[in-house]
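Have a look at the structure below, then the notes.
Taken together, the values in this text are just the output of simple stated rules run on the coordinates, not laboratory data. As the structure is a computational prediction, the values presented were derived from the model and not from experiment. Backbone-built Cβ (ideal geometry, glycine too); neighbour counts: all protein chains shown.
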Amino acid sequence: VFDFLHAEDVDAAAQLFVQRLAYDGADFGHEVRIRHASGEWISVVATAAMLVDSELGVCAITLRTPDAEDFVERSLRSQIIVGEYANRLSAGFMGAAASSEVLERIIGSSGEIGLLTGAEVVEVFLEDEREGLIERLAGWVSPERLADTMLVVSETSAVQPTVDAILNDVQVVDDVRQVDNIDMVDFTARAGAVSLLSAPFRVGEQRGALVLMRVVPGPHWIAADVELVRTAAGLYGRALQTARSEELLALTY
């Protein structure tokens, strides 16, 4: 099927497909260009679903033109997917009493969020006690891009200069070349990112952020991506705060 895709969309579509094979939840669908029988390039929304089979894994791919489903229907479908994932993520945090367990679940969810949004790099940052620095708590890079990025996501203690923009507000950047904020430019340059989506959260008085990036051009971030990242960031903050409070309580008594 990739033979019919536009050359500029093949890499991103192949990466999404590989990630999709490892995730059993629903996805939003992503827009790609495909060659019509007339020879023209048309935009379609591609979605994949893993089907249960007793002998081998089966993946059904659905292609539909963006106008084949109205905006309300697609918006409602996206809300359902975000809600289902939020419930799944929240349930995972409920059994995590220690910060290490919460962090383990955050790391595990990073790849899932990457799949759902098409991000190739997913990172979670928290302000360090030292002013002007942020610490990388967790990171994930898609296997296809691991060798291409300058990130070393296993080094969770790596510290970067604080970027107030990502710690204060939701950031949706489809083309980093159009960003004027020099701190944001430097922040994305370290990963060779071409686009960024982030949402802030708080753990007590500390600011944090869930940051998604793409290192090759792909589809623009959609409203469902933003809602998912905002929701996940909020859950991260609450889970980390709960674990920290319980650990302090245990030390006190």
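The figures follow:
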{"quantity": "Gain in span if fully extended, Ser75 to Arg88, counting 0.36 nm per residue against the direct Cα distance", "calculated": "2.7 nm"}
{"quantity": "Shape call, region 69-142: gyration tensor on alpha carbons, a/c limit 1.5", "calculated": "prolate"}
{"quantity": "Highest average packing first - 78-86, 8-16, Cβ atoms within 10 Å", "calculated": "8-16, 78-86"}
{"quantity": "Gain on full stretching of the segment that runs from Thr65 to His6 - 0.36 nm per residue minus C-alpha separation", "calculated": "19.7 nm"}
{"quantity": "Hypothetical label at Asp174: residues of region 99-133 whose amide nitrogen lies under 17 Å (7 Å Cα-Cβ projection)", "calculated": "117-119"}
{"quantity": "In Hz, Karplus ³J(HN,Hα) per residue of region 174-191 (6.51, -1.76, 1.60; θ = phi - 60°; x = Gly, Pro)", "calculated": "7, 8, 5, 5, 9, 8, 8, 5, 5, 5, 5, 4, 5, 5, 6, 5, 5, 9"}
